Amino acid sequence: MNGRARLASVDALRGLTVAAMLLVNDPGDWGHVFAPLEHAAWHGCTPTDLIFPLFLFIVGVSITLAGPITSRAIAWRALRIVALGLLLNAVAHWTMGTREFRPMGVLQRIGICYGCAGLLALHTRSRTQWLLFAASLIGYGALLALGGPLTKADNLASRIDTALLGRFAYEFDAASGLGHDPEGLLATLPAIATTLLGVRAGIWLRDRSARTLWFAAAAALLLGAAWAVWQPLNKQLWTPSFVLWSGGWALAALAFAHGLIDRLGAPPFGRALGVNAIAAYAGAWLTTCALEGLHWGTPLYLHGFAWLTPWLGPAGASLAYALVFTGFWWALMRVLAQRGVRIRI
């Protein structure tokens, strides 16, 4: 098994994860979405809730498999990803104007997690990384427990978002003055732990310890389920139980992709999206901003997909739009991949 084969499975898994992101982020009608394609309202975990932690996990795997890299290169790439996230949020604010400019977001969290996990992978040993992983979960869990009830209004993470982000949080109630951000500040700490788990999984792949992935997946799922008895699964808070539960599924997905693609030689389905993952995400975001800003989104859905409602139902027609939107970006990334174009952020 060589590095190129390992990278094929990781690229494929990354691409499928981005496809899932686009699918759940771009329904034709937000009022009609199948339940598994929606996030849990607060506590709980749907399949959609597993997508973002899987991407962060793959970021960690990729750090290990990328080969030699310098601290400077890691820091600059992290900053570029964060800057792109800020730019996309600025475009959304400018074109749609539905809320105040939002400084936090998906790409911002990816950039922070990449930078922190990358520097830890470069400058710390295995034992230190595991200690930091455990300490971050235990420490964050203790902070949440001591910080009050885990309701959206009263939990410690939301109170910090209210104090530091205020009206610039993803959610802000002007009447009560309460804010909350699903990619908020304090909850980024356990998200770094998710990425660090990916770093360790990448080392198991590199060292040809694929069986360890399955054992680790089972252990993480069991620990996550046990921890959830004390602190429930919650993606928006990125609770320790959620780190372990989502990490277990990520480990299992990586083990499965590795076995299927690297060992059995199956085609790396999704790799075209995977090699230009952030470019596809950013392009889809800008397309949505353009459609909404020009007021073309609703007419496009009504004339292009709503006619399917009598046969598929309203949720089915909404999903059809999401599938076509995702398929468009998949096809575009496939053309770029065939021409050897790689857009590296």
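The values are calculated or read from the model by the stated rules, or taken from the named source; none is laboratory data. Note that the structure is a prediction, hence the values are computed from the model and not measured. With ideal geometry, Cβ positions are generated from the backbone for all residues, glycine too; neighbour counts draw on all protein chains shown.
Would you confirm whether or not region 94-108 contains a residue that is touching a Lys or Arg at 6+ places or on another chain (Cβ under 6 Å), among the acidic types (Asp, Glu) and farther than 30 Å from Pro267 by Cβ?
Scanning region 94-108, I find at least one residue that is touching a Lys or Arg at 6+ places or on another chain (Cβ under 6 Å), among the acidic types (Asp, Glu) and farther than 30 Å from Pro267 by Cβ, so the answer is yes.
Scan region 289-310 and tell me whether some residue there is out of contact with any strand residue (DSSP E or B) (no Cβ under 8 Å at 6 or more places or on another chain) and within 29 Å of Asn234 (Cα to Cα).
Within region 289-310, one or more residues are out of contact with any strand residue (DSSP E or B) (no Cβ under 8 Å at 6 or more places or on another chain) and within 29 Å of Asn234 (Cα to Cα).
Checking the condition assigned to a helix (DSSP H, G or I) and under 19 Å from the mean Cα position of the chain (by Cα), which residue from Ala75, Ala12, Ala41 passes? Can you show your working first?
Numbers: Ala75 fails: under 19 Å from the mean Cα position of the chain (by Cα); Ala41 fails: assigned to a helix (DSSP H, G or I).
Every option except Ala12 fails the conditions.
Can you name the number of the only condition in (1) surrounded by 19 or more Cβ atoms within 10 Å (Cβ to Cβ); (2) touching a residue at least 60 places away in the same chain (Cβ under 8 Å) that Ser241 fails?
So Ser241 meets the others, but not (2).
List the pairs whose first member sits in region 143-159 and is touching a residue at least 60 places away in the same chain (Cβ under 8 Å) and surrounded by fewer than 19 Cβ atoms within 10 Å (Cβ to Cβ), whose second member is outside any helix (DSSP H, G or I) and basic (Lys, Arg), and whose Cβ atoms are under 6 Å apart, counting only residues at least 6 apart or on separate chains?
none
Has region 162-170 got any residue that is in the same structural domain as Ala121 (by TED's automatic domain parsing), under 21 Å from Gly44 (Cβ atoms), crowded, with 17+ Cβ neighbours inside 10 Å and at pLDDT below 95?
As a first pass, look at region 162-170 and keep what is in the same structural domain as Ala121 (by TED's automatic domain parsing): 162-170.
Subset that is under 21 Å from Gly44 (Cβ atoms): 170.
With the extra rule that they be crowded, with 17+ Cβ neighbours inside 10 Å, the set shrinks to 170.
Add one more test, that the residue is at pLDDT below 95, and what stays is 170.
Yes - at least one qualifying residue is present in region 162-170.
Please work out if Arg99 is of a type in the set (Lys, Arg), surrounded by fewer than 18 Cβ atoms within 10 Å (Cβ to Cβ) and either at pLDDT below 95 or not assigned by TED's automatic domain parsing to the domain that holds Arg200 (or both).
On the way: of a type in the set (Lys, Arg): yes; surrounded by fewer than 18 Cβ atoms within 10 Å (Cβ to Cβ): yes; either at pLDDT below 95 or not assigned by TED's automatic domain parsing to the domain that holds Arg200 (or both): yes.
So Arg99 fits the description; yes.
Quick one: which of Ala40, Ala66 is in contact (Cβ under 8 Å) with a residue 60 or more places away in the chain and either on the phi > 0 side of the Ramachandran plot or among the small types (Gly, Ala, Ser) (or both)?
Values: Ala66 fails: in contact (Cβ under 8 Å) with a residue 60 or more places away in the chain.
One residue alone meets the criteria, Ala40.
Only residues in region 323-340 that are in the same structural domain as Thr288 (by TED's automatic domain parsing) count as the first member; pair them with residues that are surrounded by 14 or more Cβ atoms within 10 Å (Cβ to Cβ) and among the acidic types (Asp, Glu), Cβ under 8 angstrom, at least 6 apart or cross-chain, and list the lot.
Matching pairs, first to second residue: Phe325/Asp26; Thr326/Asp26.
If a residue has to be closer than 15 Å to Ala117 by Cβ and among the charged types (D, E, K, R) to count, how many in region 65-85 make the cut?
Selection size over region 65-85: 1.
So for region 175-189 (the condition being of a type in the set (Gly, Ala, Ser), in contact (Cβ under 8 Å) with a residue 40 or more places away in the chain and either in contact with a His (Cβ under 9 Å, 6 or more places away or on another chain) or surrounded by fewer than 21 Cβ atoms within 10 Å (Cβ to Cβ) (or both)), does at least one residue qualify?
Of the residues in region 175-189, the ones of a type in the set (Gly, Ala, Ser) are 175-177, 179, 184, 187.
Narrowing further to those that are in contact (Cβ under 8 Å) with a residue 40 or more places away in the chain: 184, 187.
Keeping just the survivors that are either in contact with a His (Cβ under 9 Å, 6 or more places away or on another chain) or surrounded by fewer than 21 Cβ atoms within 10 Å (Cβ to Cβ) (or both) gives none.
Within region 175-189, none of the residues are of a type in the set (Gly, Ala, Ser), in contact (Cβ under 8 Å) with a residue 40 or more places away in the chain and either in contact with a His (Cβ under 9 Å, 6 or more places away or on another chain) or surrounded by fewer than 21 Cβ atoms within 10 Å (Cβ to Cβ) (or both).
Could you please let me know if Gly283 is at pLDDT below 95 and either farther than 25 Å from Ala253 by Cα or in the same structural domain as Ala12 (by TED's automatic domain parsing) (or both)?
no
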